[in-house]
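Below: one structure, written as structure tokens.
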Amino acid sequence: MNIDQYGNIVGVFTNGSSKTLAQIEVATFANLNGLISAGNNMYSAYANSGQPIVASLGEESSTTMQSNALEQSNVDLSQEFTQMIVAQRGFQANARVVTMADNLLQELTNLIR
């Protein structure tokens, strides 16, 4: 099975022949910000997004696809590392507060004895 840049799913058979089995279509919306996040990179149409405009790849829309390729990460690693370091420092500070409170309670207990 192969998928070309226009979304045509082409089946290749053992006898050497090939046939277009289906075509992938895309939907666009007048207001992309009106879509509601459904989680896991999925969105649902809502009244603010408008009706979906469904079109074939390449001919009816300017969109094409690239098969047999990996998508690069859309995460900023430097930002994520910075947030991780900030969270780690916050955890360390909280652990020190708990340790200090424990020491103060220990001293208080010793003073009472």
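The values are calculated or read from the model by the stated rules, or taken from the named source; none is laboratory data. Because the structure is predicted, anything quoted here is derived from the model rather than measured. All accessible areas refer to the heavy atoms of the entire protein, side chains included, with ligands and DNA or RNA removed. Shrake-Rupley method; radii C 1.70, N 1.55, O 1.52, S 1.80 Å.
How far, in degrees from 0 to 90, does helix 77-112 lean away from the longest principal axis of the Cα atoms of the chain, to the nearest 10? So the inclination is approximately 20 degrees.
Both radii come from the Cα set of the chain: Rg as radius of gyration, Rh as Kirkwood radius; their ratio Rg/Rh reads 1.39. Here the chain has 54 percent of its accessible surface on carbon and sulfur atoms, given a 1.4 Å probe and all protein chains in place. Here the translational diffusion coefficient of region 26-73 follows from Stokes-Einstein with Rh set to the Kirkwood radius across Cα pairs; for 37 °C and 0.692 mPa s it amounts to 264 µm²/s.
Given their separation in residues at 0.36 nm each and the Cα-Cα distance between them, residue 75 and residue 12 gain 19.0 nm when the chain is fully extended.
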